[in-house]
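Inspection log for the structure reproduced underneath, given as structure tokens.
The values are calculated or read from the model by the stated rules, or taken from the named source; none is laboratory data. It should be emphasised that the depicted structure is a prediction, and the values quoted were computed from it without experimental measurement. Using ideal geometry, Cβ is built from the backbone for each residue, glycine included, and neighbour counts are taken over all protein chains shown.
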Amino acid sequence: MPETDPQAPQNTSQREEQLARDRENWAKNKDRYNRQRRERYQENPTAVHTSNKKYYQANREKAQVTIRAYTEAHPDVVRKAKAAYRERNREILRAKGRAYVAKRQAENPEAVRAYNNAYNAANRDKVNAIARRSRLKHHDLLNARQQRKRAEHPEIDRAWRKAHPEASRLKAERYRTRKLGLPSSFSAEERRFMLEYWHNACAVCGNQDGFFWTLADDHWICVNSPECPGTIAENIVPLCHTRRGQHDSCNLTKKDREPKAWLISRVGPTKAKRILKAIETYFAIVRARKAQDAAD
């Protein structure tokens with residue numbers, strides 16, 4: 001068994017005393033030392049970075065413990081320092097981030113795609129809010145890019161509208177409503193329920209969607225009215241629209257007229273009363289479905 005070094009306790013005690021003297025000296029002269037460090041950094045930042053990097057690599061575990069302890073003790077100071085660093089080096093950090101993403105994308109695109117999908121699914125509200133802010137900030141740029149793309153490739157836009165007539169119609173209606181500053185939440189699922197409820201027929205006259213007629217998603221209270229609630233399920237009903245250039249369809253005769261007055265002129269007061277009750281019943285069912293979905 002090796003003998004114990006008689007000098008070990010004395011050396012340990014001396015080190016502790018020296019550390020205590022160093023801490024006391026630092027506390028007394030902290031401002032002067034910090035000023036000297038800033039001056040050295042301003043004179044030669046590259047040399048300071050190199051020295052700090054060498055020390056960190058040689059004392060990684062010790063440095064990490066010190067950093068964690070300081071971060072836990074001074075969270076506000078660290079947060080402000082990081083924010084100031086990001087602000088000073090915004091473009092450099094963005095370039096590094098883009099380079100890192102491009103490298104990962106080139107090395108393993110499937111893993112990147114899976115990670116992005118999982119993140120978007122777990123943070124949908126946050127991602128949507130960031131996307132909305134970006135669209136508002138770069139509105140003119142995005143519009144110009146979209147117009148240029150449509151001008152260069154008009155066949156893509158036409159093909160999409162032809163392949164997705166329902167989505168195209170909903171998109172146009174929502175856009176028109178948003179320009180007026182009104183809610184625009186009428187979805188494809190809500191439209192399918194509407195058509196099923198009314199048996200793919202006009203809510204007023206009963207004309208079926210087919211060869212002679214198509215069904216328009218009509219704003220029961222028109223968008224030009226100050227009472228219009230917007231493009232929402234509680235304000236949309238299917239009205240017949242002619243395919244053959246005639247102008248006697250419900251959708252074309254209603255236009256922007258007040259719904260009750262138009263309905264009386266269209267079918268008479270007795271039948272209008274019955275149809276109004278049916279439409280109000282449908283709107284009540286839609287509101288109940290929304291409330292149930294919100295509760296779930």
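Return the residues of the range 269-296 that are aromatic (Phe, Trp, Tyr) and over 17 Å from Gly206 (Cα atoms); say none if nothing qualifies.
Hit for the range 269-296 is Phe283, nothing else.
Could you check the range 190-210 and list, in sequence order, the residues that are touching a Leu at 6+ places or on another chain (Cβ under 6 Å) and of a type outside the set (A, V, I, L, M, F, W, C)?
Asp209
Out of Ala203, Ala172, Ala159, I need the residue that is of a type outside the set (Asp, Glu), over 29 Å from Lys273 (Cα atoms) and assigned by TED's automatic domain parsing to the domain that holds Ala291. Which one?
Ala172
If Ile279 satisfies every condition in (1) under 18 Å from Arg191 (Cβ atoms); (2) surrounded by fewer than 16 Cβ atoms within 10 Å (Cβ to Cβ); (3) in contact (Cβ under 8 Å) with a residue 12 or more places away in the chain but one, which is the exception?
It fails just one condition, (2).
Among the listed residues Val65, Val78, which satisfies the condition of being β-branched (Val, Ile, Thr) and touching a helix residue (DSSP H, G or I) at 6+ places or on another chain (Cβ under 7 Å)?
Step by step, each of Val65, Val78 is checked, and only Val78 is β-branched (Val, Ile, Thr) and touching a helix residue (DSSP H, G or I) at 6+ places or on another chain (Cβ under 7 Å).
Table: residues versus (1) outside any helix (DSSP H, G or I); (2) among the β-branched types (Val, Ile, Thr); (3) closer than 26 Å to Pro229 by Cα; (4) at pLDDT 80 or above.
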| site | (1), (2), (3), (4) |
| --- | --- |
| Leu136 | no, no, yes, yes |
| Leu142 | no, no, no, yes |
| Arg145 | no, no, no, yes |
| Arg148 | no, no, no, yes |
| Ala151 | no, no, no, yes |
| Asp157 | no, no, no, no |
| Trp160 | no, no, no, no |
| Leu170 | no, no, yes, no |
| Glu173 | no, no, yes, no |
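Consider Asn117 carefully, then state whether it is assigned to a helix (DSSP H, G or I) and loosely packed, with under 11 Cβ neighbours inside 10 Å.
Spelling it out, Asn117 is indeed assigned to a helix (DSSP H, G or I) and loosely packed, with under 11 Cβ neighbours inside 10 Å.
Listed residues Val101, Val65; which is surrounded by 11 or more Cβ atoms within 10 Å (Cβ to Cβ), closer than 30 Å to Tyr115 by Cβ, hydrophobic (A, V, I, L, M, F, W, C) and modelled with pLDDT of 85 or more?
Of Val101, Val65, the one residue that is surrounded by 11 or more Cβ atoms within 10 Å (Cβ to Cβ), closer than 30 Å to Tyr115 by Cβ, hydrophobic (A, V, I, L, M, F, W, C) and modelled with pLDDT of 85 or more is Val101.
Would you mind telling me which numbered condition in (1) of a type in the set (A, V, I, L, M, F, W, C); (2) surrounded by 11 or more Cβ atoms within 10 Å (Cβ to Cβ); (3) within 26 Å of the chain's Cα centre (by Cα); (4) farther than 30 Å from Ile221 by Cβ Leu170 fails?
Status for Leu170: all satisfied but (4).
Determine whether Asp125 is closer than 30 Å to Tyr175 by Cβ and surrounded by fewer than 10 Cβ atoms within 10 Å (Cβ to Cβ).
yes
Return the pairs, sorted by first residue and then second, in which the second residue is modelled with pLDDT of 85 or more and surrounded by 10 or more Cβ atoms within 10 Å (Cβ to Cβ), the first residue lies in the range 13-42 and is part of a helix (DSSP H, G or I), the beta carbons are less than 6 Å apart, and the residues are 6+ apart or on different chains.
Tyr41/Val48
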